[in-house]
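Here's the structure we're looking at; comments come further down.
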Amino acid sequence: MTAEIVAEHSVVLCVGDTTFLDYDSIVAKREGYGPIGKGGNGLILHSALALDPEKGQSIGLLWQKLWNREPKQKPPQDETPTQKKKRQAAAQKLARQRPFEQKESYRWVEALTTVENEVSKSTRVIHIFDREGDITEVFDKVRQLQHTGVLVRAAQNRSLDSDSERLWAKLEAQSISFKQEIALPETNKRCARRATLVVRFCPVNLRTPYRFDNRDPLLVYAIYATEIDCPEGETPLAWMLLTTEVVTDEQMAATILRWYSYRWRVEEYHKIFKSGCQVERYRLAADGMKTLIGFLSVIAVELLQLTYLHRTQPTADAVEVRLAPSASHNER
């Protein structure tokens, strides 16, 4: 049903993020859960949340994936440091040899392909990922899809072209194109504030690693935004954004920055999921918990919509509030 509403738009944003659901206090019924974080026990949830590109209002969930890691085997009690080093090296080698489709990072590509197949071909979906989604497989997959784009915050100082020029050096050499002010929401690491950014942008060709059959460079557009006049005690903002959308003028570069600022909606969604829906307080067996999470995930979307409307239209009549329909949960 979310896909039906999305079909009414020519362009829709889809912000993706992963969160850990902690059920470490469950003593019994632990089967179906797995290790998370540092010694925790629980489930992992990846959400793909559709947003209106003009205001960033949430439309609904387009896709979710829920899974658990397999518990790790305990090492032998009499294991020596040398044996431990060999065991860890063997495990790392085995992990590198696993097919990409079997790795957790595949979820970023899986979101692209699944949403492309579910959404109307008249709608272009722009996926927005934080640095964890900066993997070559994402950009490679997008060039195989007709109605999908991506906007990712760069995590790697990638090699460009055949001269091995680096991404950051390339953008820092560009002249400043314009300044833009954006609103930053409050997080665990900063207070809410308005940030003034100086912006540079240009097209870049990302070198394709040898593991790919198609070695043609990946053409993307880079937007580098750095904060000036940062308040004392705060960390200056610095975004290196890579997008498959064509950015040839200041207006489009400013649009890309605004779109990326909406990425926090999915973090707010997960926060509401945990605090408003209190999803981590239940004590069910894993199968029952996964079913309950599917139910609560839709309620969390509706709470997110009401939260946003309260901020932007606090005097609106309650009868005018139109909640988005339930999302699909094919991956549960």
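We did not get these values from a lab; they are worked out from the coordinates using the rules stated. Keep in mind that what you see is a predicted model, and the values were worked out from it rather than measured. We place every Cβ from the backbone using ideal geometry, glycine too, and count neighbours over all the protein chains shown.
Which of LYS65/LYS86; LYS189/LYS274; LYS84/LYS189; LYS29/LYS84 have a Cα-Cα distance over 27 Å?
LYS65/LYS86; LYS84/LYS189; LYS29/LYS84
Sort the range 142-183 into rounded, prolate or oblate with this rule: let a ≥ b ≥ c be the square roots of the eigenvalues of the Cα gyration tensor; rounded if a/c is under 1.5, and if a/c is not under 1.5, prolate when a/b is larger than b/c, oblate otherwise.
oblate
Say R0 is 45 Å: what FRET efficiency, to the nearest 0.05, do ALA192 and GLU31 get from their beta-carbon distance?
About 0.60, to the nearest 0.05.
Quick one: which residues, 5 or more positions from PHE178 or on another chain, have an amide H under 5 Å from its amide H? H modelled 1.01 Å from N in the peptide plane, none for Pro or chain starts.
Residues meeting the amide H criterion: VAL199.
Which value in Å is the Kirkwood Rh of the range 1-141 over different Cα pairs?
17.7 Å
As an exercise, find the ratio Rg/Rh for the range 56-99 from alpha-carbon atoms, using the Kirkwood inverse-distance average for Rh.
Answer for the range 56-99: 1.31.
Here is the link list: LYS38/LYS74; LYS72/LYS103; LYS141/LYS290. Which ones come out longer than 18 Å on Cα distance?
LYS141/LYS290
Please identify the helices of the chain, taking whole runs of DSSP H, that span at least 27 Å along their own axis as judged from the Cα atoms and have a mean Kyte-Doolittle score of -1.0 or higher.
286-312
Label-point separation (nm) for GLU79 and ILE5, each offset 7 Å from Cα along Cα-to-Cβ?
4.8 nm
For the residues TYR308, TYR23, what sequence is obtained by ranking on other C-beta atoms within 10 Å, fewest first?
Listed from fewest to most nearby Cβ atoms, that is TYR308, TYR23.
Would you grab the residues whose amide H sits under 5 Å from the one on GLU234? Only those 5+ places off in sequence or on another chain, please, with H modelled 1.01 Å from N.
none
Given the DSSP H assignment, sum -39500 (n - 2.57) over each helix run of at least 4 residues in the chain and divide by its residue total; what's the result at 222 nm in deg cm²/dmol, nearest 500?
-9500 deg cm²/dmol
If neighbour count is taken as other Cβ atoms inside 10 Å, put PHE129, PHE295 in order from fewest to most.
Ordered by Cβ neighbours within 10 Å, fewest first: PHE295, PHE129.
Can you find, among HIS9, ILE126, ILE26, the residue farthest towards the positive end of the dipole of the range 2-145? Put +1 on the C-beta of Lys and Arg, -1 on that of Asp and Glu.
Checked the options; the winner is ILE26.
Calculate one ³J(HN,Hα) per residue across the range 147-152 by plugging θ = phi - 60° into the Karplus curve 6.51 cos²θ - 1.76 cosθ + 1.60, and present them in order as whole Hz with x for glycine and proline.
So the J values, rounded to whole Hz, are 10, 10, x, 9, 9, 10.
Quick one: TRP108, TRP67, TRP264, fewest Cβ neighbours within 10 Å first, how do they rank?
TRP67, TRP264, TRP108
As an exercise, identify the trypsin sites (Lys or Arg not before Pro) in the range 42-75 lying in DSSP coil whose Cβ has no more than 16 other Cβ atoms within 10 Å.
Within the range 42-75, the qualifying trypsin sites (Lys or Arg not before Pro) (loop, at most 16 other Cβ atoms within 10 Å) are LYS55, ARG69, LYS72.
Contact order normalised by length for the range 152-261, with contacts defined as Cα pairs under 8 Å and 6 or more residues apart; what percent is it?
Relative contact order, the range 152-261: 25 percent.
Over the range 188-332, what is the mean sequence separation of C-alpha contacts under 8 Å (at least six apart), divided by residue count, expressed as relative contact order in percent?
15 percent
Normalised by the number of residues in the chain, what is the relative contact order in percent for Cα pairs under 8 Å and 6+ residues apart?
20 percent
Please list, in chain and number order, the residues 5+ apart from ARG193 or on another chain whose amide H is under 5 Å from its amide H, with Hs placed from the backbone.
LEU184
Among all stretches of the chain without exposed GluC sites (Glu not before Pro) (DSSP loop, at most 13 other Cβ atoms within 10 Å), which one is longest?
233-332
Which value results for Rg/Rh of the range 152-261 when Rg is the Cα radius of gyration and Rh the Kirkwood radius based on the inverse mean 1/r?
1.01
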